[in-house]
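Shown next, in structure tokens, is the structure this report addresses.
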Amino acid sequence: MKIKIDEAQRIAEKYGTDEVPILFLSDAYVNTHAGVVQISAGMRYDPSQYDLFIDGNVREVEVVFSERLYAKLCVNFPETWRLPVGRLDFINMDRFVEEIDNANSQNKRKRNIISLTEVYKRNPSGHYETILKYGEKLDIKSWNQVKVNLNRNASIDYRLDECGIIIYVILNPSDPNYAQKYMTFTSLITLLVEQKHLQDVTIAPDFYPQTDVFPVTDKESLLKTYGQNNVALVIVGDELSDDYKMSLAQLKMYDKYARMMVIRNPDPTQSKSILNMIRNLYGKKLWL
């Protein structure tokens, strides 16, 4: 898997290279004033190499995936390195890919599984060759290419390429209820962004509230925001007027499996219950 040199440096300095070894998957070549330096596959990243890479303008390298390294990356860089939502064995992954492919064939919105595991085999020279890459999108075509080389006992951690929540309130300053609507809008955003701190509720393992909450305040932006960000859930914080119904109907035409809910005037004393309702709907796979 590819890791940024800055990420490798922080992990190495924070945990030590013995506790969390970072091994190069392939040879790395760094241009220096004295010539090209080769760091061979299988060698361990050392914090003393940081300036060498930076001066040589090498910002990213291929390293060997390990669950220990991945766990530390998720803790230290949660916006980039997301936790898996599940783990499937070979048979169940095969079935899951087919279910999503069937749903995609009936829908404009296309969903994919993202591998959060990397699987290797050794070539005749003893080096690793990657069979399944970390971050690879698995549709039916790519999965069929990968699975012929996979051990039938393999287990694959994964997430889906949909993440995030839209808070949808149409805000018009000329609306006599503007102030009330704006308060509801900001209250819902605050509730989601501070969910774990306030109520110790996690919407999903791969949900990162600082980047995965999308405010939408006009009906023209709803479908665009939903599609561009592969959003998982739309929350309407208002009464369902004709404008809302029209824009939500357009969204359903694009994605028949879109998840939506209405939360009017959220009661601060019921924050935990509200978050649990959001979590339950967020995690549903309506195409199954």
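A short reminder: the numbers here are calculations on the coordinates, not readings from a lab. Since this is a predicted model, take the numbers as computed values, not measurements. With ideal geometry, Cβ positions are generated from the backbone for all residues, glycine too; neighbour counts draw on all protein chains shown.
Selection of segment 1-20 for residues being buried (at least 16 other Cβ atoms within 10 Å of the Cβ) and either in a strand (DSSP E or B) or free of Cβ contacts under 8 Å to residues at least 24 places away in the same chain (or both) yields only Ile3. Listed here are the strands (runs of 3 or more DSSP E) enclosed by segment 201-288 that have at least 2 residues being buried (at least 17 other Cβ atoms within 10 Å of the Cβ): 213-216, 233-236.
Counting only strands (runs of 3 or more DSSP E) that sit completely within segment 27-77, zero hold 3 or more residues that are basic (Lys, Arg) and in contact (Cβ under 8 Å) with a residue 12 or more places away in the chain. Within the set Leu240, Leu233, Leu188, Leu150, the sole residue that is touching a residue at least 24 places away in the same chain (Cβ under 8 Å), of a type outside the set (S, T, N, Q) and farther than 30 Å from Lys133 by Cβ turns out to be Leu188. If a residue must be of a type outside the set (S, T, N, Q), within 25 Å of Tyr178 (Cβ to Cβ) and touching a Leu at 6+ places or on another chain (Cβ under 6 Å), how many such residues does segment 236-259 contain? Total satisfying the criteria: 2.
For segment 128-147, a residue qualifies if it is surrounded by 15 or more Cβ atoms within 10 Å (Cβ to Cβ) and either more than 27 Å from Trp287 (Cα to Cα) or touching a Gly at 6+ places or on another chain (Cβ under 8 Å) (or both), and the qualifying residues are Tyr128, Thr130, Ile131. Picking from residues in segment 83-124 that are basic (Lys, Arg) and touching a residue at least 60 places away in the same chain (Cβ under 8 Å), the one that is surrounded by the fewest Cβ atoms within 10 Å (Cβ to Cβ) is Lys108. Whenever a residue of segment 128-143 is touching a residue at least 12 places away in the same chain (Cβ under 8 Å), its partners that are in a strand (DSSP E or B) and hydrophobic (A, V, I, L, M, F, W, C), lying with C-beta atoms within less than 6 angstrom and at least six residues away or across chains, give the pairs Ile131/Val119; Leu132/Val119; Lys137/Ile114; Leu138/Ile113.
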